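To keep things clear, I will list the structure first and then write my remarks on it.
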Amino acid sequence: MSLASYIGCNVEIPLSDEESDSLIIIGNCFSDESNRQAVRENQFSTPFVYEISSDWGIEITEYMDKKMYAESKEKLIVLCEIMNSFLEKGEYFELYSCWVGDEGEKREGEITLPISNFDIEKIVLPEKTLVRFEK
């Protein structure tokens, strides 16, 4: 199984170049259309849903391997920088990470954060948590 991370937003954003070596790739990796449809219907309040891919989804908990923990924090910062360039003041995007196939299950948490100027060292982001990032 794979941990997938999805973003939902009210604006259409371009997919990343398939040859990109960026830390965050906006495009399909682990999921298929049915997974993205399930996360849209069950988790997000937005019409546009994208999988964000890298080697693994974004999860930030104390129980993770130290390397994956650090990498997830870095991914989250890069993702917010990318999304900040697409959103206008007052807009938001949502982030949700879960095991592929669990997109329709009940979420376990929900938090709201600013899209920038948050303290990454204080964030705990387990799977099945909906995060709304506001600009």
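The values are calculated or read from the model by the stated rules, or taken from the named source; none is laboratory data. As the structure is a computational prediction, the values presented were derived from the model and not from experiment. Reconstructed Cβ throughout: ideal geometry from the backbone, glycine too, with neighbour counts over all protein chains shown.
General remarks:
- Residues in the stretch 6-50 that are assigned to a loop (DSSP other than H, G, I, E, B) and in contact (Cβ under 8 Å) with a residue 40 or more places away in the chain: N10, V11, I13, S22, L23, I24, F30, S31, Q43, F44, S45, T46.
- Flag for E94 being part of a strand (DSSP E or B), at pLDDT 95 or above, under 15 Å from S5 (Cα atoms) and of a type in the set (D, E): yes
- Candidate set: the stretch 80-130, residues that are among the acidic types (D, E) and under 20 Å from Q37 (Cβ atoms); chosen: the one surrounded by the most Cβ atoms within 10 Å (Cβ to Cβ): E103
- Among the conditions (1) touching a helix residue (DSSP H, G or I) at 6+ places or on another chain (Cβ under 9 Å); (2) buried (at least 17 other Cβ atoms within 10 Å of the Cβ), the only one that E74 does not satisfy is (2).
- Pairs, first touching a residue at least 12 places away in the same chain (Cβ under 8 Å) in the stretch 101-112, second assigned to a strand (DSSP E or B) and surrounded by 14 or more Cβ atoms within 10 Å (Cβ to Cβ), C-beta under 6 Å, six or more apart: R107/L130; G109/T129; E110/L130; I111/V131; T112/R132
- Of all residues making up the stretch 67-89, the number that are within 13 Å of E134 (Cα to Cα) and among the small types (G, A, S): 1
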